[in-house]
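The values are calculated or read from the model by the stated rules, or taken from the named source; none is laboratory data. Nothing here was measured: the structure is a model prediction, and the numbers come from that model. Quick reminder, even Gly has a Cβ in these numbers, built from the backbone with ideal geometry, and neighbours come from all protein chains shown. In case anyone asks, the SASA skips ligands and DNA or RNA and just uses the protein heavy atoms, side chains included. Shrake-Rupley method; radii C 1.70, N 1.55, O 1.52, S 1.80 Å.
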Amino acid sequence: MNENITRKNCFVIMGYGKKKDFIHNRIIDLDETYENIIKPAVTKVGFNCIRCDSDKHCGIIDSKMYHYLYDSDFVIADLSTLNPNALYELGIRHGIKPYTTVLMIEKNELKDLPFDLNHCAMFSYEHKGDYLEQDEITSKVDELSKLLKEVEEKQEVDSPFFYHMGLSAQMPVFLEQEQQILSYALP
């Protein structure tokens, strides 16, 4: 691969580690999902896969998160366990980018989505709690990488905000000074 070619970034929004699914009274290892489905699928398509917890830095904790939400070519939001931070970050992404945001959730939680998201296309997978079955991993990596390619090709509006307000809604634009402040967050 030519090292001069810039790879696209895919930022991943999700909870980290083992999280409680309070609705179904079970624990889901979200790191297992990231390491075995999301990261391999993103890498398979040739994108950089970024999650804030793997990017060590000093300063304001969420500054990199805001930078990645704004500047990443793609965002995958795993809404499993309905993590409030992931939902908040998704709301920001939907408000600033009309395209290239992929939503996913553990299949048992599909029916529990909040009203504002229950009509959005969702990529689902089945989690056994502490582990994912190998057949599930293999099929979901293939499905997610295929979905990312389709999203890249089609460039269809996936943000409910831009869908309802139209593409004439203004996306935020940072001034040069603001860009410099955010640029320290680059990997």
When a/c reaches 1.5 or more, the comparison of a/b and b/c decides; with that in mind, is segment 14-89 rounded, prolate or oblate per its Cα gyration tensor?
oblate
For segment 78-125, what is the accessible area per residue in Å² when the probe is 1.4 Å?
42
FRET efficiency, I27 to Y99 (Cβ-Cβ, R0 35 Å, nearest 0.05)
0.55
Going 7 Å from the Cα of K44 in the Cα-to-Cβ direction, what parts of segment 131-168 have a backbone nitrogen less than 12 Å from that spot?
135-149
Quick calc, D53 & K111: beta-carbon distance into FRET formula, R0 30 Å, rounding 0.05, result 0.55
For segment 71-173, the accessible surface attributable to carbon and sulfur atoms (probe 1.4 angstrom, ligands and nucleic acids excluded) amounts in percent to 51
Lys and Arg at +1, Asp and Glu at -1: neighbours of E106 with Cβ under 12 Å from its Cβ sum to -2
Please compute the modelled spin-label separation between E143 and K18, points set 7 Å along Cα→Cβ, answer in nm with one decimal.
2.6
Can you tell me how much longer the chain between S63 and E35 gets when fully stretched, taken as 0.36 nm per residue apart minus their C-alpha distance, in nm with one decimal?
7.7 nm
Within 10 Å, Cβ to Cβ, of H24, how many net charges do the neighbouring residues add up to if Lys/Arg are +1 and Asp/Glu are -1?
-2
5 angstrom amide H check on K8, placed H, neighbours 5+ away:
N48
Chain lengthening between I92 and V157 when straightened (0.36 nm per residue, less Cα-Cα)
21.9 nm
